[in-house]
Each structure stands twice: as structure tokens, then as C-alpha cells.
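Readers should treat all values here as calculations from the given coordinates under stated rules, not as data from a laboratory. All values derive from a computational prediction rather than experimental measurement. Using ideal geometry, Cβ is built from the backbone for each residue, glycine included, and neighbour counts are taken over all protein chains shown.
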Amino acid sequence: MRISLPRHDLAHLLSHVTKAVPSRNTIPVLGTVRLIARDGKLTVTGTNMDLEISGSIEADTPEPLEACVDAKLLSAAAGKAPGETITIEADSGHILVKAGRSRVKLDVLPVDDFPTMEAGEFAAEFEVDAAALFAPVAFAMSDEQTRYYLCGAYLEPTAITATNGHKLSSVAHELIEFAPVIVPSATVAIAPKGKATVRVSERKIQFVAEGITITSKLIDGTYPDYERVIPKNLENVAVYDNATMKAAAERVAIVSQDKSPSVRLDLTSEEITLTARGNGEADDVVSCAYDGPAQAVGFNARYLAEVLGALPAGDVRMAVGDCMGPVVFTSDAAPEQRVVCMPQRVS
């Protein structure tokens, strides 16, 4: 069994497919990628049994080839091989990766041992820039497995939302009708850039773009009614330049090095004073237009930086109720997005 193909094409394909291969596992075949070559095409697949990534490239296949090969070793062999062409030869128990005068011999496992994720039928299909869809909300996803249903993005026909209970981001959009789903954070992180075909069913989501197919299980859970925690009609609104505020927040946060770094914002009619204490003290001032009573509100410094980073450049509106109620951030440059951050008590 033998095939030949461009080295760069193989290395590029493996860089995508190996994202589904777990770095640690107790099942040896999950550390491999499955190679199936026939009829002028090589298909490479990786999986962790919750996520599967597969892609195909053209190859010279005078003899069909099937094997499961260690993903890290094959990627390294393809990436470091000399020349422009790689030849892969296989027999029982191993493959030989040849390029120029280089030879790398790798053990293989049977392809019958490789688990296959059955995609089944999908109820809805649409085209969208998948990475751009998730980008404005990804920072708000939870990583606490005790509330597993928050460890992903909630995709609806009318919005995409994520929250960890302390920060929330929701972006309105218009897609075709389908039952809302929770997309795992690991899948959100590898959503393809540019236009992709997205298919959704009750239990799985699939992205197809540029020859790569990503199929993922969904999170089986009930997403909370996030609209209930987004305050409506807050009257005290401060307007500031987002880039200026973000830079000031980063400067004062330098001294907040504990596990829950905090920053205090004192609002007056023309400026916001940011103050942080920890390994020292820091303060900064940002000009604003504010039409409410003078008051102070505190935030986790890391959360505030993420909120500001999720909003576009230009003027941002920060709507405040009382000092411990949810604060809503919006921007005319992204009118479909609402970002909420829960304050924390600071002295």
C-alpha cells in the first residue's frame, strides 16, 4: 500500500484534523489519525468521541492505504520532512514516511478500532461565518463543569449568547428556524473562519468549510432564561471611548494580582476614575458624558477587560442601576450586541 502527495498539503490538513485529537487519553486509538487513501484522494480523520474533524486532499494513490497513525508523530514527520513530496508506504504493523533521503517508520493501529461519529440527519442548514458568529460571546462562556450547560454558546435562530453567571454577551441575528442548541466551548474555539455551511440537529452540529468537516456533539441541558438577567431601561448611562477605557483599565489592573482582582469606577458627570489596590495602588481617569448621580461601581478586573475587549472601538454606553445591580454595555457600532457584567463590592 503506497501513496504520494504534496508535503505542505498533508501538513496543513493535519494541523486542522489534530485539533480533535486529545492530548491525553487512556484509549490508544484516540491518539491517532485515521488515513484512508483511494481513488486519488487521502482522507484524514481525528476524534475524541465528542468531536470529529475530517478532511480530504488530492493524492497519487496507485495502491489504496488504510491505517491509524500516531497524530503527533505523523504531524511532526510531515512538518519537518525535506522537499515538496511525501510518500507513505504501509504494511502490517507500521507505515514508512519517505521524503527525499529521509525515512520515518511509525507504528499503526487497525482502522477497525477507530471510532466513527455518526452524524445522522440534520434538521437545519445555513451558511455563516462561524468564527465571527461565536467571537463576540466566546469570552463569556463558563469553564465550571458543575454548571456544564453554561460551558458553551447558546445558538438560537435569533441570537447567540454565552454567560458564566458573572458576565454575559448576547448578539442578535436572523437565521433559519431550528431548535436552539448549546455548542460546547471546545467546538466554539475551532469554528472555521470565513463562510461555512452549518448543519444543526437535536444532538449534533456540523461545520463544513474549505474541505474540512467538523462534527460535534452538543451539550445536553437547559440553558437559563438569560433575558431575565439583562436589565431594561437603566437610566444612568455613562458614554466613553472604549479604547481609552480599555487602556486605563489595563494600566490600573497591574497592581491587582490576587485571585479576584478588582477595579473601582467612580462616575461623575464628566469623568470616570478607575482605582485598583493590591500590590500597590493605581488610579487613572477617563473622560465621559454621564447623566446620573455620582456613584461607584466595582468589577472583577479580568471580567471588565474581557467585556471592553468584546466591544468595538468608538463610544460605548455603560448603563448602571444601583452599585450591585447588573451593568449593561452597548455600542452604536454593534447595535445587535448586549454585554452584561455583574459588579462586585469594592472599598
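Between residue 66 and residue 220, the modelled labels are 3.0 nm apart [label points 7 Å from Cα along Cα→Cβ]. Of all lysines in the structure, those lying under 23 Å Cα to Cα from residue 232, and not within fewer than 8 positions of it along the same chain, are 167. Positive end of the dipole of the range 137-294 (Cβ unit charges, origin at the Cα centre): among 213, 169, 268, the Cα lying farthest that way belongs to 213. Here the range 214-264 was treated as a single set of alpha-carbon atoms; its pair distances binned every 10 Å from 0 give 16, 22, 29, 28, 5 percent. The charge dipole of the range 124-227, taken about the Cα centre with unit charges on the Cβ atoms of Lys, Arg (+1) and Asp, Glu (-1), comes to about 320 debye, rounded to the nearest 20.
The alpha carbons of the range 124-227 occupy a box of 37, 25, 23 Å along the principal axes, longest dimension given first.
Within the chain, the proportion of Cα pairs with more than 31 Å between them is 47 percent. Exceedance of the 19 Å cut-off in Cα-Cα distance is limited, within the set 19/105; 72/204; 41/217; 19/217; 19/72; 195/217, to 19/105; 72/204; 41/217; 195/217. Ranking 180, 198, 326 by Cα position along the charge dipole of the chain, where only Lys, Arg, Asp and Glu carry charges on their C-beta atoms, puts 198 farthest toward the positive end.
One decimal place: the segment residue 172-residue 158 gains 4.5 nm when fully extended, by the rule 0.36 nm per residue minus the C-alpha distance. In this label model, residue 105 and residue 87 are separated by 1.7 nm, measuring between points 7 Å along each Cα→Cβ vector. When Rg and Dmax are taken over the Cα atoms of the range 50-185, they come to 21.4, 58 Å. I'd like the orientation of helix 301-310 relative to the chain: the angle between its Cα long axis and the longest Cα principal axis, in ° from 0 to 90, rounded to 10. Between helix and principal axis, roughly 70 degrees.
Annotation: peptides 189-199, 18-28, ranked by per-residue average of other Cβ atoms within 10 Å with the highest first, follow the order 189-199, 18-28.
The GluC sites (Glu not before Pro) found in the range 124-209 that occupy coil by DSSP, while having at most 11 further C-beta atoms within 10 Å, are 144, 174, 177. May I ask for the distance between the Cα centers of the range 1-79 and the range 193-253, given as a whole number of Å? Taking the Cα centre of the range 193-253 as reference, the centre of the range 1-79 is 31 Å away. Just so you know, the Rg over Rh for the range 168-277 is 1.10, from Cα atoms, with Rh as the Kirkwood radius. Put a plus charge on the Cβ of each Lys and Arg, a minus charge on the Cβ of each Asp and Glu, and nothing anywhere else: the dipole of the chain about its Cα centre is then about 1080 debye. Report the FRET efficiency, 1/(1 + (r/R0)^6), for residue 147 and residue 41, where r is their Cβ-Cβ distance and R0 is 35 Å, rounded to 0.05. FRET efficiency, residue 147 to residue 41: 0.20. Relative to the current alpha-carbon distance between residue 254 and residue 123, full extension at 0.36 nm per residue lengthens the span by 42.3 nm.
Here the dipole of the range 95-149 is about 700 debye; that uses its Cα centre as origin and unit charges on the Cβ of Lys and Arg (positive) and Asp and Glu (negative). FRET efficiency for the pair residue 287 and residue 193, taken as 1/(1 + (r/R0)^6) with r the Cβ-Cβ distance and R0 = 30 Å, rounds to 0.25. Taking the Cα atoms of the range 231-341, the ratio Rg/Rh between the radius of gyration and the Kirkwood radius comes to 0.94. Distance between the modelled labels on residue 345 and residue 229, one decimal in nanometres: 2.0 nm (7 Å Cα→Cβ projection).
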